Amino acid sequence: MQDLPLFLEERKQELQRKRKEIEGKRNSRKIGPVERNGDGMELGFRATEVHRNSSENAMMEKILISIDAGLRAMEQGSYHLCVGCGKEIEAERMKTVFFPQRCAGCAKNAT
């Protein structure tokens, strides 16, 4: 990739913005435990809401872990290198995949 340093700086800023956005969503969704007062329908709705938020929070946590791994790889200078073969990841793949860890060939072989 011709302008790798510029691309990496832009991606770093993008990852930091995304991290901040996800943390904000995760923190705003925290709700307390299901209380035992109310009718059955109300309790069922509240339990469903707690379960949905729990699943969404777990998904957000996975994304945050991926973002942190990407930022660490940038700090170490390895964000653009394939963990499988060590070669540079294709420019188009780096632009389209959130945090590419493998080149297209190694990603295809890993599935």
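For the range 79-111, filtering for residues that are within 18 Å of Pro5 (Cα to Cα), basic (Lys, Arg) and not in a helix (DSSP H, G or I) leaves 1. Residue check: Glu92 meets all listed conditions (1) modelled with pLDDT of 90 or more; (2) surrounded by 13 or more Cβ atoms within 10 Å (Cβ to Cβ) but one, namely (2). Considering the range 41-78, the residues that are farther than 27 Å from Pro5 by Cα and of a type in the set (Ser, Thr, Tyr) include one that is modelled with the highest pLDDT, namely Ser55. In the set Phe7, Phe99, only one residue is of a type in the set (Phe, Trp, Tyr) and at pLDDT below 90; that residue is Phe99. Among the residues of the range 62-74, just one is surrounded by fewer than 12 Cβ atoms within 10 Å (Cβ to Cβ) and either in contact with a helix residue (DSSP H, G or I) (Cβ under 9 Å, 6 or more places away or on another chain) or of a type in the set (A, V, I, L, M, F, W, C) (or both), namely Ile65. Scanning the range 66-94 for residues that are closer than 16 Å to Leu15 by Cβ and touching a residue at least 60 places away in the same chain (Cβ under 8 Å) turns up Met74, Tyr79, His80, Met94. Close Cβ contacts (under 8 Å, 6 or more residues apart or on different chains) running from residues in the range 17-33 that are assigned by TED's automatic domain parsing to the domain that holds Asp68 and exposed (fewer than 12 other Cβ atoms within 10 Å of the Cβ) to residues that are charged (D, E, K, R) and at pLDDT below 95 comprise Ile31/Glu49.
The values are calculated or read from the model by the stated rules, or taken from the named source; none is laboratory data. A quick note: this is a predicted structure, and the numbers were derived from the prediction, not measured. When we count neighbours, we look across all protein chains shown, and the Cβ atoms used for this are built from the backbone with ideal geometry, even at glycine.
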